[in-house]
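Reviewing the structure listed below.
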Amino acid sequence: VQLQASGGGLVQAGGSLRFSCAASGNIESINVMGWYRQAPGKQRVLVARINNIINYADSVKGRFTISRDNAKNTVDLQMNSLKPEDTAVYYCNVDLILRNGVRYLYWGQGTQVTVSS
């Protein structure tokens, strides 16, 4: 299984960015798809996740929107009104079932987001 993430980069405060993550390979089904982030010197934390319901970190509610395309096994994160405190490495995360029935948690490679003030 591979997770291919795209997006991210450098943006000024108040700007927008969009991430996309695609899962491919020996996948039977996908449970939860989500995004986490890790700022320098801090732990990795949940940004947003989606299965039958959607959860957002309080810090991004009203600014970020997560969406999912089950046919394409993709999850997107639209980030608006970005703030300097959103600066972090963002990771795609997918909880899935392989075709052999094994449940596995995959992480994408991480993408840097830098928001300048």
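Rg over Rh for the stretch 12-57 works out to 1.04, using Cα positions for both radii and the Kirkwood form for Rh. When the solvent-accessible area of the chain is split by element, carbon and sulfur atoms take up 46 percent of it, the probe being 1.4 Å. Counting only residues at least eight positions apart within a chain, or on another chain, the lysines with an alpha carbon under 16 Å from that of LYS83 are LYS61. Stretched out straight at 0.36 nm per residue, the stretch from LYS61 to VAL1 would grow longer than its current Cα-Cα span by 18.6 nm. Can you give the extra length, in nm with one decimal, that the chain gains between LEU46 and LEU98 once fully stretched, where that is 0.36 nm per residue apart less the Cα-Cα distance? Length gained between LEU46 and LEU98: 16.4 nm.
With a probe of 1.4 Å, find how much accessible area the stretch 8-117 has per residue, and write the answer as a whole number in Å². Can you show the working numbers first?
Working: 5880 Å² over 110 residues.
Per-residue accessible area for the stretch 8-117 comes out at 53 Å².
With both labels modelled 7 Å from their Cα along Cα-to-Cβ, the ILE54 to SER24 distance reads 2.6 nm. Could you compute how fast the chain diffuses translationally, taking Rh as the Kirkwood radius over C-alpha pairs and applying Stokes-Einstein at 20 °C with viscosity 1.002 mPa s? Give it in µm² per second. So the translational diffusion coefficient is about 150 µm²/s. Remark: relative contact order (the chain) = 36 percent; criterion is Cα-Cα distance under 8 angstrom and separation of 6 or more residues.
The values are calculated or read from the model by the stated rules, or taken from the named source; none is laboratory data. Note that the structure is predicted; figures quoted are calculated from it, not measured. Here the Cβ is made from the backbone with ideal geometry for all residues, glycine too, and neighbour counts use every protein chain on show. Just so you know, the surface numbers come from the protein's heavy atoms only, side chains and all, with ligands and any DNA or RNA stripped out. Shrake-Rupley method; radii C 1.70, N 1.55, O 1.52, S 1.80 Å.
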